There are 2 protein chains.
Amino acid sequence: MERVPLERKVLNENDRIAGELRARFAEHGIVCLNLISSPGSGKTTLLERTLQTIPPEERVAVLTGDIQTENDARRLARFGFPVKQITTGGTCHLDARMIERAISGWRLEDLDLLLIENVGNLVCPASYDLGEAAKIVVLSVTEGEDKPLKYPSIFFKSELLVLSKMDLLPHVRFSVNAAEENARKIHAGMQIVRVSCETGDGLSEWLRWLDGKRQVRAAATLGSS
Amino acid sequence: MERVPLERKVLNENDRIAGELRARFAEHGIVCLNLISSPGSGKTTLLERTLQTIPPEERVAVLTGDIQTENDARRLARFGFPVKQITTGGTCHLDARMIERAISGWRLEDLDLLLIENVGNLVCPASYDLGEAAKIVVLSVTEGEDKPLKYPSIFFKSELLVLSKMDLLPHVRFSVNAAEENARKIHAGMQIVRVSCETGDGLSEWLRWLDGKRQVRAAATLGSS
């Protein structure tokens, strides 16, 4: 309990920086998305499949967070878009200051989509606003349909649930309906896409959701200019 | 960075209480084990299979941590041993004070094995000593063989790695050898068991490891009495 006052101060400071980031992203017409999941739910693979489909002339960049290693940045850099690894060195989440630093060398006017892959952790990243337009939670079918009830904060705060590794469904005890019901108990209007990055099933639905986000932002930017 | 001084104070206080717990466990000949993994790696299922094999007259108890829900305690209580759920209400790990409170109603002289299932989180629980004799990290084959390198702290601090969901191996891209090599890069002497709770493969090896721990403690308790 003695942690609370400092924790609040840290979160207030984070919210201030996140607010500044959000204003800068809006000014430059950038959609920023914050992907959160347990370790190994398939965030990096989903980003690989996504970058594969995006024409090289599009203005996309990726930040990827990990406690150690630059593995994910290496995997994602193959697609030719700007990618930066944020190595937190022990910290269990990304915070707004890390994002501010990581993008400091980039010309924001050259971007319109910024994908952030958070540290693999279904708990702590939920508390840190990164200035994103939306949080996205990824849950693989191997993790159990009870997870929205056990980790409610991230499911409450995420606009979209990506149910990943759908190809493994025949091999695990997992009810997609129960998982989706649990997610909507926590977050009534939650959007959900079911994806397999192995077979490609559901990827078009995910990409449609992503395009929708980008069109809304583009329309808003046109309207305000 | 401004978090560090208070964080250190919290951890020092935790270490003090953990030290007291460790002394009490030793005094009563209790082996305490702290199971840590990502959400959905199979900690609860491993405990179910374990309790199933233990004769009802044995002196075993379980504490199970979650942010929300009492699901795991319900699952584990079916085997007749004392089980208590610790609901952290948002906190991303168990700490020593929570353990101290949870066992306050139990007669420690009636126990010789205390199994603690931590909150599903591969990061934060690594920092909190609970007075355990050993930490055990569970990693499922669906999570990717790179995880020891990305989350080194918990692999460094755990005596045993349980590679779980081995039955899914034919359906995922996962090299057991690479995972084990990565684990031993972080922690040279790490013990490893490969387990499938579905087929039962490897459970006997896990139970042998567990028995070994209990025999060492029993011998130490006899020796000191």
Subset of the stretch A:204-225 that is polar (S, T, N, Q) and farther than 18 Å from A:LYS165 by Cα - its residue that is surrounded by the most Cβ atoms within 10 Å (Cβ to Cβ): A:THR221
Condition broken by B:TYR151, with the remaining ones in (1) out of contact with any Pro (no Cβ under 8 Å at 6 or more places or on another chain); (2) closer than 19 Å to A:SER41 by Cα satisfied: (1)
Taking the stated definitions as given, is A:LEU63 outside any helix (DSSP H, G or I) and either exposed (fewer than 14 other Cβ atoms within 10 Å of the Cβ) or among the aliphatic types (A, V, I, L, M) (or both)? yes
Please go through the stretch B:196-225 and pick out each residue that is outside any helix (DSSP H, G or I) and closer than 23 Å to A:ARG173 by Cβ. B:SER196, B:CYS197, B:GLU198, B:THR199, B:GLY200, B:ASP201, B:GLY202
Identify, please: which residue in the stretch A:1-24 is in contact with a Lys or Arg (Cβ under 9 Å, 6 or more places away or on another chain) and closer than 19 Å to A:ILE86 by Cα and is, among those, farthest from the other protein chains (Cβ to nearest Cβ)? A:ILE17
Applying the selection to the stretch B:185-197, what residues are charged (D, E, K, R) and surrounded by 16 or more Cβ atoms within 10 Å (Cβ to Cβ)? B:ARG194
Residue list for the stretch B:32-77, filter: of a type in the set (Lys, Arg) and without any contact (Cβ under 8 Å) to a residue 12 or more places away in the chain: B:ARG74
Hits in the stretch A:130-151 - residues which are farther than 22 Å from B:ARG173 by Cα and within 11 Å of chain B (Cβ to nearest Cβ): A:GLU145, A:ASP146, A:LYS147, A:PRO148, A:LEU149, A:LYS150, A:TYR151
Can you pull out the residues in the stretch A:60-113 that are touching a strand residue (DSSP E or B) at 6+ places or on another chain (Cβ under 7 Å) and polar (S, T, N, Q)? A:THR64, A:GLN68, A:GLN85, A:THR87, A:THR88
From A:LEU11, A:LEU21, residue being closer than 27 Å to A:GLU109 by Cβ and touching a residue at least 60 places away in the same chain (Cβ under 8 Å): A:LEU21
Taking the stretch B:45-60 and keeping only residues that are surrounded by fewer than 16 Cβ atoms within 10 Å (Cβ to Cβ) and touching an Asp or Glu at 6+ places or on another chain (Cβ under 6 Å), one is left with none
Please work out which one of (1) within 14 Å of another protein chain (Cβ to nearest Cβ); (2) under 22 Å from B:MET166 (Cα atoms); (3) loosely packed, with under 13 Cβ neighbours inside 10 Å is the condition B:SER37 fails and give its number. (3)
Kindly check whether there is at least one residue in the stretch A:106-116 that is without any contact (Cβ under 8 Å) to a residue 40 or more places away in the chain and away from every other protein chain (no Cβ under 13 Å). yes
Of B:VAL123, B:VAL119, which residue is under 20 Å from B:ALA61 (Cβ atoms), β-branched (Val, Ile, Thr) and within 12 Å of chain A (Cβ to nearest Cβ)? B:VAL119
Does the stretch B:168-203 hold any residues that are more than 18 Å from A:LYS165 (Cβ to Cβ) and out of contact with any helix residue (DSSP H, G or I) (no Cβ under 8 Å at 6 or more places or on another chain), and which are they? B:ASN177, B:ALA178, B:GLU180, B:GLU181, B:ARG184, B:ALA188, B:GLY189
Reported set for the stretch B:1-51 where residues are assigned to a loop (DSSP other than H, G, I, E, B) and not polar (S, T, N, Q) is B:MET1, B:GLU2, B:ARG3, B:HIS28, B:GLY29, B:ILE30, B:PRO39, B:GLY40, B:GLY42
Pair list, Cβ under 8 Å, 6 or more apart: the stretch B:154-175 residue within 11 Å of chain A (Cβ to nearest Cβ) and touching a residue at least 60 places away in the same chain (Cβ under 8 Å), other residue among the polar types (S, T, N, Q) and in a loop (DSSP other than H, G, I, E, B): B:SER164/B:SER41; B:SER164/B:SER196; B:LYS165/A:THR142; B:LYS165/B:SER41; B:LYS165/B:THR142; B:LYS165/B:SER196
Taking the condition at pLDDT 95 or above, over 28 Å from B:ASP72 (Cβ atoms) and in contact with a Ser or Thr (Cβ under 7 Å, 6 or more places away or on another chain), does A:GLY202 pass? yes
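The values are calculated or read from the model by the stated rules, or taken from the named source; none is laboratory data. Just so it is clear, the structure is predicted and the values come from calculations on it, not from any experiment. Positions of Cβ are generated from backbone atoms using ideal geometry, with glycine treated the same way; all protein chains shown enter the neighbour counts.
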